[in-house]
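The values are calculated or read from the model by the stated rules, or taken from the named source; none is laboratory data. Source: prediction; values computed, not measured. Glycine also receives a Cβ, built like all others from the backbone with ideal geometry; neighbour counts cover every protein chain displayed.
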Number of protein chains: 2
Amino acid sequence: MKNEIDALMQASHVDALLVVGAGQHNPAMVYLTGGGHLTNADLIKKQGETAVLFHGSMERDEAAKSGLTTRCYDLYPMQEYLKETNGNQIEAAALRYARMFADCGVTTGTVALYGSTELGTKFAILSHLQKIMPGLSFTGFSPDPILMTAMMTKSSAELARIRKMGQITTGVVGRVRDFLAGQNTQGETLVNPDGSPVTIGQVKGKINLWLAEAGAENPENTIFAIGRDAGIPHSQGNNDDPLTLGKTIVFDIFPCETGGGYYYDFTRTWCLGYAPDDVLKLYADVKQVYAAVTAELKENAVFKTYQTRTNELFEAQGHPTMRIDPATQEGYVHSLGHGLGLRVHEMPFSGYTAGDNEKLVRGSVFTIEPGLYYPERGMGVRIEDTWFINENGQPEKMVDFPQDLIIPLQ
Amino acid sequence: MKNEIDALMQASHVDALLVVGAGQHNPAMVYLTGGGHLTNADLIKKQGETAVLFHGSMERDEAAKSGLTTRCYDLYPMQEYLKETNGNQIEAAALRYARMFADCGVTTGTVALYGSTELGTKFAILSHLQKIMPGLSFTGFSPDPILMTAMMTKSSAELARIRKMGQITTGVVGRVRDFLAGQNTQGETLVNPDGSPVTIGQVKGKINLWLAEAGAENPENTIFAIGRDAGIPHSQGNNDDPLTLGKTIVFDIFPCETGGGYYYDFTRTWCLGYAPDDVLKLYADVKQVYAAVTAELKENAVFKTYQTRTNELFEAQGHPTMRIDPATQEGYVHSLGHGLGLRVHEMPFSGYTAGDNEKLVRGSVFTIEPGLYYPERGMGVRIEDTWFINENGQPEKMVDFPQDLIIPLQ
């Protein structure tokens, strides 16, 4: 939570944070400012002090909404710095940062860098800043012991926003299911009233429309992949492909609040009309593992222990896993889940590089998404729900939605 | 254009490019790969050679769509690098980069950095990489003499995509105008059929819905600001505010192709029902300057010369400008325009820091957006169209749309 930030900075021996970039679609900046239309901003937070938000003059009202101390870039006139640096924009920008840091009382110590931005320009500016402020040392983390660690525990207000996104997301998934169920078939193909095939592009258009109608945004697109494509976990599906019966469709949807706020993440696997026996078997295997793992979730457990458990369960069913063969492209080929918030993927992670501190603590929000993939057999199955640890320390599914494989057709 | 990249690298003494980040909403990566659902990728381009795209195993099909040489991260096993670095993720990631660069034949020279990404982690990785590959030196630019310079000149395919976005954008603007014109009034307020005030939030909801319907995305939101808010160029407007008659509404809309592709940028200023005399005067002043400046546009002119010209014209009308008083918040307080493409703001720029090489060359696409702002008088006016220099060297408006101030009500 936000009130942990100073203690986390102290524990990490960090004297100040510098957060750069836009006010939207920029998790660290959104977390500390509350979001807002800031084309470009900087935030400096000294340990133990309130953050200062630097903003353009035209965006002073948007900056003020943050409730933070604000300072306009006009106080740091680039035209003068450009004169001092013979027109060198990188050096002039470094000079501006030097004055901003000095005004925040940050002239020595370690500064941790945050924010999503274009890498090259900032790298050059910070390299020059390092030269003109030798008392400062810039650093970044992986894993992140400060902001992402604070963000790992959600407040009740954050949980409510994520649940709202979950309701919107599953609402749209329900509309997609009803739309598909309402179409006709021609042979093995789903067709529109005019007889043309229903395509993946058409379905994705409806998803974006229905998300916008519900006030959500879909910046990372949707996975809606059928057959062999469903067998490749992140294949998005080809817009021109028709929907055919009896093939697995992996439908993975991860929209966010408008303006780049909180995300939801959800997957269902469907077959139109019927499912062949080998698909039924594959689906039953994934569903069994999903049920076993979610039944074992416990407050304060280290998330990656469930990755080990999931590998065991799939291996017991006879499927290849990346644990046994890191290069396998069949069987269980990804990690069990990930934290979720202002990023679609954040701490706690469940992969092998995750830390022992990435636990399912009260207020953490995370996906559980076991899956099995056999691209050469033209099939893939994934079931994903977003879970959290509630205020009583119980694991709880954020929003419920049926896990049926087959969508019956008329 | 893309075919200039090697020459621009040579002229800038850059031996290789490293482009980091996602495959979508990441201009440099989208430019070089064509876009695609890559959660995380790296692209290394050595001068004179084809680019190599590094990608996750699950995204191999998406990577292949780029047509570039692709290499899977599986070839660079993090688990081994983590062993070599005692579990230090930053150092392991640097080790992976070292192997990737070596495999591309890049072990000495200057590497220019590109891509939109979370700054802290990459900064730490590159700082470590610098230590283990002392023959490489990393750099970034402002202004950018390589990629953004190449991107400044659009191919006919790029122009067609931007024009399509312009048609979608102005189509939505027309729907908004027709919607507003179709509502009733109650005193000085626009009201819905049920008598409730039409709010800014309601209009923005419709804008997002209609954009989604047309297959566009609106990642940076829309400016729809009335009265005093219209007097602050980047104020987005408050969702709860009702629309009242006779006040300036600044409507600035800048959507992009789904997946973070090409943008359009467009502004109209409207008054519902009627306009007071001082607004009519302000609007006439802006329109006159828009007409004068666009009539003077010429192929190969340096863009910022029109900024000087715009200042002269507004000053001749008696308005304050930032040229005379850099701290003014009244009158003409921003620059005339900016290039447009995979970014909503890119080269050529017209501001005082823009270079003499930022010219209106054949194939450049740019906005012309003069405006006047008087927040204390509760009004602001901006008129913006996107222009380009066509294949005959003529300046041409990308898409036409009426510049009427008043929306007549029933």
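The set of residues in the range B:115-140 that are closer than 29 Å to A:LEU342 by Cα and either touching a residue at least 60 places away in the same chain (Cβ under 8 Å) or not in a helix (DSSP H, G or I) (or both) comprises B:GLY115, B:SER116, B:THR117, B:GLU118, B:LYS122, B:GLY140.
For the range B:332-352, the count of residues that are surrounded by 22 or more Cβ atoms within 10 Å (Cβ to Cβ), within 22 Å of B:ASP277 (Cβ to Cβ), touching a strand residue (DSSP E or B) at 6+ places or on another chain (Cβ under 8 Å) and not acidic (Asp, Glu) is at least one.
Of B:THR189, B:THR222, all but one fail to be in contact with a strand residue (DSSP E or B) (Cβ under 6 Å, 6 or more places away or on another chain) and surrounded by 21 or more Cβ atoms within 10 Å (Cβ to Cβ); the exception is B:THR222. The set of residues from the range B:192-208 being in a loop (DSSP other than H, G, I, E, B) and either surrounded by 15 or more Cβ atoms within 10 Å (Cβ to Cβ) or under 32 Å from the mean Cα position of the chain (by Cα) (or both) comprises just one member, B:VAL198. Checked against (1) part of a helix (DSSP H, G or I); (2) on the phi > 0 side of the Ramachandran plot, A:ASN300 passes all but a single condition, namely (1). When the residues of the range B:87-126 are filtered to those that are within 13 Å of chain A (Cβ to nearest Cβ) and polar (S, T, N, Q), which remaining residue is farthest from A:GLY21 (Cα to Cα)? Here the answer is B:ASN88. Checking the stated criteria, B:ASP178 turns out to be surrounded by fewer than 17 Cβ atoms within 10 Å (Cβ to Cβ), in a helix (DSSP H, G or I) and out of contact with any Lys or Arg (no Cβ under 8 Å at 6 or more places or on another chain). Note on the range A:352-410: enclosed strands (runs of 3 or more DSSP E) holding 3 or more residues that are farther than 30 Å from B:ASN88 by Cβ are A:371-374, A:379-382, A:385-389, A:395-397. Is it true that B:TYR81 is under 17 Å from A:MET322 (Cβ atoms) and buried (at least 17 other Cβ atoms within 10 Å of the Cβ)? When the stated conditions are applied, B:TYR81 passes them.
B:SER156 meets each of the listed conditions (1) assigned by TED's automatic domain parsing to the domain that holds B:SER364; (2) without any contact (Cβ under 8 Å) to a residue 40 or more places away in the chain apart from (2). If the condition is being of a type in the set (Val, Ile, Thr) and either more than 30 Å from A:HIS13 (Cβ to Cβ) or within 14 Å of another protein chain (Cβ to nearest Cβ) (or both), then the range A:137-188 contributes A:THR139, A:ILE146, A:THR149, A:ILE162, A:ILE168, A:THR169, A:THR170, A:VAL172, A:VAL173, A:VAL176, A:THR185. Scanning the range A:216-231 for residues that are at pLDDT 90 or above and either farther than 19 Å from A:ARG175 by Cα or not hydroxyl-bearing (Ser, Thr, Tyr) (or both) yields A:ALA216, A:GLU217, A:ASN218, A:ILE223, A:PHE224, A:ALA225, A:ILE226, A:GLY227, A:ARG228, A:ASP229, A:ALA230, A:GLY231. Of A:ASP385, A:ASP325, A:ASP356, all but one fail to be at pLDDT 95 or above and either in contact with a strand residue (DSSP E or B) (Cβ under 9 Å, 6 or more places away or on another chain) or among the aliphatic types (A, V, I, L, M) (or both); the exception is A:ASP385.
Based on what the data block shows, is B:LEU18 away from chain A (no Cβ under 14 Å) and either part of a loop (DSSP other than H, G, I, E, B) or among the aliphatic types (A, V, I, L, M) (or both)? Considered against the rule, which asks whether it is away from chain A (no Cβ under 14 Å) and either part of a loop (DSSP other than H, G, I, E, B) or among the aliphatic types (A, V, I, L, M) (or both), B:LEU18 comes out as no. Confirm whether B:GLU330 is among the acidic types (Asp, Glu) and under 30 Å from B:LEU147 (Cβ atoms). Judged against the criteria, B:GLU330 is not a match.
The requirement of being in contact with a strand residue (DSSP E or B) (Cβ under 6 Å, 6 or more places away or on another chain), modelled with pLDDT under 95 and crowded, with 18+ Cβ neighbours inside 10 Å is fulfilled somewhere in the range A:245-263, by at least one residue. Where the second residue is surrounded by fewer than 18 Cβ atoms within 10 Å (Cβ to Cβ) and outside any loop (DSSP other than H, G, I, E, B) and the first is in the same structural domain as A:SER235 (by TED's automatic domain parsing) and free of Cβ contacts under 8 Å to residues at least 40 places away in the same chain and lies in the range A:267-293, which pairs have Cβ atoms under 9 Å and are six or more apart or on separate chains? Taking only residues 6 or more apart or on different chains, the pairs are A:ALA292/A:ARG309. The set of residues in the range B:45-62 that are within 14 Å of chain A (Cβ to nearest Cβ) and either at pLDDT below 95 or closer than 21 Å to B:GLY261 by Cα (or both) comprises B:HIS55, B:GLY56, B:SER57, B:MET58, B:GLU59, B:ARG60, B:ASP61, B:GLU62.
Of everything in the range A:356-389 that is under 18 Å from A:PHE303 (Cβ atoms) and of a type in the set (Gly, Ala, Ser), the residue that is surrounded by the fewest Cβ atoms within 10 Å (Cβ to Cβ) is A:GLY363.
Yes or no, residue by residue, for (1) hydroxyl-bearing (Ser, Thr, Tyr); (2) closer than 18 Å to A:TYR114 by Cβ; (3) crowded, with 23+ Cβ neighbours inside 10 Å:
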site	(1), (2), (3)
A:ASP6	no, yes, no
A:ALA22	no, yes, no
A:GLY36	no, yes, yes
A:ALA41	no, yes, yes
A:ILE44	no, yes, yes
A:ALA51	no, yes, no
A:GLY56	no, no, no
A:LYS65	no, no, no
A:LEU75	no, no, no
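Of all residues in the range B:264-291 being among the aromatic types (Phe, Trp, Tyr) and more than 24 Å from the chain's Cα centre (by Cα), which is surrounded by the fewest Cβ atoms within 10 Å (Cβ to Cβ)? Taking the candidates together, the pick is B:TYR274.
The single condition from (1) surrounded by 17 or more Cβ atoms within 10 Å (Cβ to Cβ); (2) part of a helix (DSSP H, G or I); (3) facing chain A (nearest Cβ under 9 Å) that B:LEU32 fails is (3). Restricting attention to the range A:268-289, does a residue exist that is within 30 Å of B:ALA216 (Cα to Cα) and either among the β-branched types (Val, Ile, Thr) or assigned to a loop (DSSP other than H, G, I, E, B) (or both)? Yes; the residues of the range A:268-289 include at least one that is within 30 Å of B:ALA216 (Cα to Cα) and either among the β-branched types (Val, Ile, Thr) or assigned to a loop (DSSP other than H, G, I, E, B) (or both). Being of a type in the set (D, E, K, R), touching a strand residue (DSSP E or B) at 6+ places or on another chain (Cβ under 8 Å) and within 14 Å of chain B (Cβ to nearest Cβ) is a property that does not hold for A:LYS65. Taking the criterion of being more than 10 Å from chain A (Cβ to nearest Cβ) and either among the β-branched types (Val, Ile, Thr) or without any contact (Cβ under 8 Å) to a residue 24 or more places away in the chain (or both), the residues of the range B:191-242 that qualify are B:VAL191, B:ASN192, B:PRO193, B:ASP194, B:GLY195, B:SER196, B:VAL198, B:THR199, B:ILE200, B:GLN202, B:VAL203, B:ILE226. The set of residues in the range A:322-351 that are β-branched (Val, Ile, Thr) and either in a strand (DSSP E or B) or within 15 Å of the chain's Cα centre (by Cα) (or both) contains only A:VAL344.
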